[in-house]
1. Look at the range 78-101 and say how many of its residues are surrounded by fewer than 18 Cβ atoms within 10 Å (Cβ to Cβ) and touching a helix residue (DSSP H, G or I) at 6+ places or on another chain (Cβ under 6 Å).
2. Out of the residues in the range 40-74 meeting the condition of being within 22 Å of residue 16 (Cβ to Cβ) and in a loop (DSSP other than H, G, I, E, B), tell me which one is farthest from the chain's Cα centre (by Cα).
3. Taking the range 1-14 only, how many residues are under 22 Å from residue 140 (Cα atoms) and surrounded by fewer than 18 Cβ atoms within 10 Å (Cβ to Cβ)?
4. Give the range 335-371 a look and list any residue that's surrounded by fewer than 18 Cβ atoms within 10 Å (Cβ to Cβ) and part of a loop (DSSP other than H, G, I, E, B), or say none.
5. Have a look at 141, 175 and point out the one that is buried (at least 16 other Cβ atoms within 10 Å of the Cβ) and at pLDDT 85 or above.
6. Out of all the residues in the range 201-220, is one or more in a helix (DSSP H, G or I), modelled with pLDDT of 85 or more, crowded, with 21+ Cβ neighbours inside 10 Å and touching a strand residue (DSSP E or B) at 6+ places or on another chain (Cβ under 7 Å)?
7. Can you run down the residue pairs with Cβ atoms below 8 Å, 6 or more apart or on separate chains, where the first is in the range 383-412 and free of Cβ contacts under 8 Å to residues at least 24 places away in the same chain and the partner is surrounded by fewer than 16 Cβ atoms within 10 Å (Cβ to Cβ)?
8. Considering each of 434, 420 in turn, give the residue that is in contact with a helix residue (DSSP H, G or I) (Cβ under 8 Å, 6 or more places away or on another chain) and over 30 Å from residue 318 (Cβ atoms).
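The values are calculated or read from the model by the stated rules, or taken from the named source; none is laboratory data. Just so we're clear, the structure is a prediction, and the values are computed from it rather than from any experiment. With ideal geometry, Cβ positions are generated from the backbone for all residues, glycine too; neighbour counts draw on all protein chains shown.
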């Protein structure tokens, strides 16, 4: 009966695992591991169980090399299996170094570890999104290259010599040369140690990259610790899902901020005009609060819950230094959308005043019906302009109406609230009393509705010009 008397656990540096067995009085040292680690110690080759092993010639070893290369190039994991008869049991505490000599090659074991079905599509999505994908493995370079090609990490025309780095080569590379190889297109690292995996991650971070890491073994622990992002479910497709979700959250916050800040300009400009010129104040404090704390809230929340755009992963990664309150956000809100809103709403304010008989420099009391009507149409116009604004903000590159408006119920509810409130400030007595507004003609109210297509179309044209 075969008994295990010694066990030598897998040694990462030697890339082999061994044991000593006793079977009917015979003592056998058996070892399995990477072919390149056992090859220097192979002296005989077993051709069959019934024949004596024959001496390993250079031609035999070369044939074994070709076999390993062929199997590895097909994506197989190859283990060499060898043995050696012993006269006596080794002493306790002795290593296997002295035992792993004069070995008899028994053959090769191949393991097929198929890639997950979702990985090639996920890699393709990463490439489209501007994300580099790198494979770091302890497998044979040919196996690693074959798997990388199946996944789409390496193209068919990309050579192993340029794009695959072995662990022994990596150990000789200074940090600067490693960074240069990474910039030059190195995408696969084979026969690596845990420390070398971490070295690659650190080199990528030194190049200014944000590094996401996934791995399923203890050998990946140092690299996982060094990475910026760690996938807990060990599913590569989660990288794509995470990038899509992260970009969506960031963009939704920018949409939210741009939408909210845009109405600040038509709220501030009336005070500047009131201070600088002899004109009535177009908006009161309570009217401004009715926008900021009232009608703007639900549409802004709806923007924050917008689903990912179809081209989210088609856009390049944003620069690491880009901030949430970027120049693009601020200029769009204040120098474009805000200016349009202020110009349109104040134009209606002065149209109502002038058509009602007001003259330059004339002072109007807060209870004057003409003033109440003029300030009412200003408030109503800003609210309606925000409808066109929120529709336009739904997309950074397209119109905003082609993204399934009916799917965002909060946004629809917010728009409905803005429509109702724009009417109530002019024609419903309780709201008029609280806000100090008055009615205007239906024709003038209809003119205020022109603000919706005005700001929407101008926003779309600006997107087209920006590309």
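1. So the answer is 1.
2. Ranking the candidates gives 53 first.
3. Adding up the residues that qualify gives 5.
4. Once the filter is applied, which keeps residues that are surrounded by fewer than 18 Cβ atoms within 10 Å (Cβ to Cβ) and part of a loop (DSSP other than H, G, I, E, B), the range 335-371 yields 356, 357, 359, 360, 361, 362, 363, 365, 366, 367, 368.
5. Numbers: 175 fails: buried (at least 16 other Cβ atoms within 10 Å of the Cβ).
Within the list 141, 175, the selection yields 141.
6. Looking for residues that are in a helix (DSSP H, G or I), modelled with pLDDT of 85 or more, crowded, with 21+ Cβ neighbours inside 10 Å and touching a strand residue (DSSP E or B) at 6+ places or on another chain (Cβ under 7 Å), one finds at least one in the range 201-220, hence yes.
7. 405/412; 406/412
8. Numbers: 420 fails: in contact with a helix residue (DSSP H, G or I) (Cβ under 8 Å, 6 or more places away or on another chain).
Exactly one residue qualifies, and that residue is 434.
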